[in-house]
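This report concerns only the one structure given below.
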Ligand code: XMP
């Protein structure tokens with residue numbers, strides 16, 4: 001049983017001092033490595049790790065081909081401005097090879113997990129000689145995985161998986177006792193810029209969680225472009241999260257007077273406090289029309305745009 005530290009009782013300075021001591025103790029004279037995705041959890045753990053280890057921590061951004069537009073450049077330049085060097089590793093081929101032919105949601109997650117931890121990260125860790133991986137797992141990841149709701153890609157020990165045996169390195173998880181609000185508070189105390197917290201949540205399996213059916217390069221590109229439109233047009237609205245999903249079914253449409261058996265994009269926008277329950281945001285119809293028009297104009301092959309009006313549960317925020 002992991003003992004939770006609630007955000008309101010979190011004493012950041014004390015917590016940072018304790019974790020810095022623990023991380024230094026665990027890593028000793030060795031080196032550690034961590035993967036930064038640009039989300040709040042991995043960003044916070046990156047700064048915490050650098051506070052503890054300085055140059056003994058190597059931070060990599062794994063370009064898996066499933067991230068949002070311009071993400072690698074955005075994240076690495078933001079961290080450069082905070083004094084943290086980020087190495088971008090191009091692993092797109094490996095991820096798309098692993099995802100080829102897979103439509104089942106859990107198999108997709110598993111393919112991403114295995115490719116990330118075993119293949120790509122395993123190789124980087126082996127080459128670097130680091131024996132420790134620093135990771136931003138939080139308590140909610142563990143809860144949801146153990147409850148069998150959704151297998152979060154970063155949970156191992158609680159499922160009885162020994163990372164040392166499975167992947168060849170040990171995993172340090174300094175945020176394990178916190179939930180999102182606690183991590184945000186800690187990230188601020190460590191000096192993460194406000195723009196990082198202002199961003200809406202983004203899932204671990206990235207855009208593969210928003211492609212129903214096979215996540216090919218082309219289909220991920222379609223959802224990436226639709227996501228860019230949705231994020232652009234909904235920026236600043238007080239919703240919990242908004243996203244685009246690519247459906248597997250095709251529908252008949254028409255373009256330039258010709259029939260086109262095209263793709264369907266679903267837009268979702270959620271009101272929620274903690275993602276455990278959520279309801280669709282009552283967006284003005286004119287705004288929905290603008291989103292639809294922009295997607296139809298800017299995303300090739302799409303002939304249908306819908307807006308989700310179901311609640312979570314029974315729906316979930318992501319589609320996969
Ligand atoms: P769901 O789709 O489970 O998402 O309602 C809840 C919140 O968690 C975010 N998130 C993930 N969702 N797999 C997921 O399905 C992941 O690995 C993951 N990581 C984060 C999701 O975006 C939503 O905010």
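Descriptive notes on the structure:
- Test: residue 158 is touching a strand residue (DSSP E or B) at 6+ places or on another chain (Cβ under 7 Å), surrounded by fewer than 16 Cβ atoms within 10 Å (Cβ to Cβ) and outside the structural domain of residue 225 (by TED's automatic domain parsing): no
- Taken together, 144, 173 contain a single residue that is without any contact (Cβ under 8 Å) to a residue 40 or more places away in the chain, in contact with a strand residue (DSSP E or B) (Cβ under 9 Å, 6 or more places away or on another chain) and within 16 Å of the ligand (Cβ to nearest atom), which is 173.
- Within the stretch 230-252, one or more residues are within 24 Å of residue 304 (Cα to Cα), surrounded by fewer than 18 Cβ atoms within 10 Å (Cβ to Cβ), free of Cβ contacts under 8 Å to residues at least 24 places away in the same chain and in contact with a strand residue (DSSP E or B) (Cβ under 7 Å, 6 or more places away or on another chain).
- Remark: residue 233 matches the filter, which requires a residue to be farther than 17 Å from residue 71 by Cα and either touching a helix residue (DSSP H, G or I) at 6+ places or on another chain (Cβ under 6 Å) or within 14 Å of the ligand (Cβ to nearest atom) (or both).
- Taking every residue in the stretch 180-191 that is on the phi > 0 side of the Ramachandran plot and pairing it with any residue that is not in a helix (DSSP H, G or I), at least 6 positions away or on another chain, the pairs with Cβ-Cβ distances below 9 Å are 191/82.
- Top-ranked residue of the stretch 101-117 - restricted to ones that are away from the ligand (no atom under 13 Å from the Cβ) and in contact (Cβ under 8 Å) with a residue 60 or more places away in the chain, ranked as farthest from the chain's Cα centre (by Cα): 101
- Enumeration of residues in the stretch 162-180 that are over 12 Å from residue 117 (Cα atoms), at pLDDT below 90 and touching a helix residue (DSSP H, G or I) at 6+ places or on another chain (Cβ under 9 Å): 180
- Annotation: of all residues in the stretch 147-158 being farther than 14 Å from residue 116 by Cβ and within 14 Å of the ligand (Cβ to nearest atom), the one that is modelled with the lowest pLDDT is 150.
- Any hit, the stretch 285-305, residues being outside the structural domain of residue 142 (by TED's automatic domain parsing) and within 11 Å of the ligand (Cβ to nearest atom): no
- Some residue of the stretch 85-96 being within 16 Å of the ligand (Cβ to nearest atom), more than 17 Å from the chain's Cα centre (by Cα) and part of a helix (DSSP H, G or I): no
- Answer residue from the stretch 246-284, given it is away from the ligand (no atom under 15 Å from the Cβ) and not in a strand (DSSP E or B) and is farthest from residue 210 (Cα to Cα) among those: 257
- The condition (being at pLDDT 95 or above and in contact with a helix residue (DSSP H, G or I) (Cβ under 7 Å, 6 or more places away or on another chain)) is satisfied by just one residue among 103, 43, 76: 43.
- Filter pass, residue 215 being modelled with pLDDT of 90 or more, within 15 Å of the ligand (Cβ to nearest atom), at positive phi and crowded, with 17+ Cβ neighbours inside 10 Å: no
The values are calculated or read from the model by the stated rules, or taken from the named source; none is laboratory data. Keep in mind that what you see is a predicted model, and the values were worked out from it rather than measured. So basically every Cβ, Gly included, is an ideal-geometry build from the backbone, and we count neighbours across all protein chains shown.
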